[in-house]
Amino acid sequence: MKRIKIKDLLNDNNSLNQFCKDMKNGAVAVIPTDTLYGFAVSFNSKEAIEKVYKIKNRDSRKPLILFVTDVKELDKLGLKANEESKTIINDNWPGGLTAVLQKPSNGELSDFAFPTIGVRAPNHKELLKLLNYLPVKLLTTSANRSGAPSDTNPDNIAKEFSNEIDWFIDDGVLPSGVPSTVVDFTSFPPKILRQGKILIKI
């Protein structure tokens, strides 16, 4: 496992390029967000996705979350939402809202293994810069064993998972520790699946 501060990663072209190459080739990373530390893998790496499920002991029926940088990416990726839903999403992005949307019938997301996909733009300045630089989209999930509490202390997470991950992108102890709010926008009216960091009223 290579551990590096996220600000140092962004300021070191050699490390940044190696990180991008490794993620494209199926590496598993732990990254900081505005809520929790999370496992992150390339959307295009089936092997890395399976590895995360194994590390977490996660139910294979539970999908991972796609990270984007802003609401404009939805149209680019073929993710459809009506104007009312887009307004709610735009008002809460970047931030602690995961929007569940219908999987596109074509394009790069059409191979997603589930009929819907959760999408989030995290409110973390350095992470957004990293997402913009990466050549692949990231699928994410909280960095903990399924059923165990999440930890905001990077030392604890690194100690537990050091032999199971390739990169640890460190941003110190995170202030939140509260997961994102999850809203299903494929139904009308939208349905709150999990009330988390932000309060959403539908």
Residue by residue through region 13-44, note down the ones that are free of Cβ contacts under 8 Å to residues at least 40 places away in the same chain and hydroxyl-bearing (S, T, Y).
S15
Here are the criteria: (1) within 21 Å of S162 (Cα to Cα); (2) over 12 Å from the mean Cα position of the chain (by Cα). Tell me which single one T33 does not satisfy.
(2)
So which residues in region 153-170 are in a loop (DSSP other than H, G, I, E, B) and surrounded by 18 or more Cβ atoms within 10 Å (Cβ to Cβ)?
I165, D166
Taking into account only those residues within region 119-152 that are in contact with a helix residue (DSSP H, G or I) (Cβ under 7 Å, 6 or more places away or on another chain) and of a type in the set (G, A, S), which is surrounded by the fewest Cβ atoms within 10 Å (Cβ to Cβ)?
S146
I need the full set of residues from region 162-179 which are hydroxyl-bearing (S, T, Y) and at pLDDT below 95, in order please.
S176
Being assigned to a strand (DSSP E or B) and either more than 12 Å from the chain's Cα centre (by Cα) or not polar (S, T, N, Q) (or both) is the filter here; which residues of region 131-152 pass it?
L138, L139
Can you confirm whether region 73-93 contains a residue that is in contact with a Leu (Cβ under 7 Å, 6 or more places away or on another chain), in a loop (DSSP other than H, G, I, E, B), of a type in the set (A, V, I, L, M) and closer than 22 Å to T152 by Cα?
no
Looking only at region 105-130, which residues are assigned to a helix (DSSP H, G or I) and modelled with pLDDT under 95?
E108, L109, S110, D111
When you scan region 75-128, how many residues do you find that are within 19 Å of G196 (Cβ to Cβ) and not hydrophobic (A, V, I, L, M, F, W, C)?
14
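The values are calculated or read from the model by the stated rules, or taken from the named source; none is laboratory data. Source: prediction; values computed, not measured. Reconstructed Cβ throughout: ideal geometry from the backbone, glycine too, with neighbour counts over all protein chains shown.
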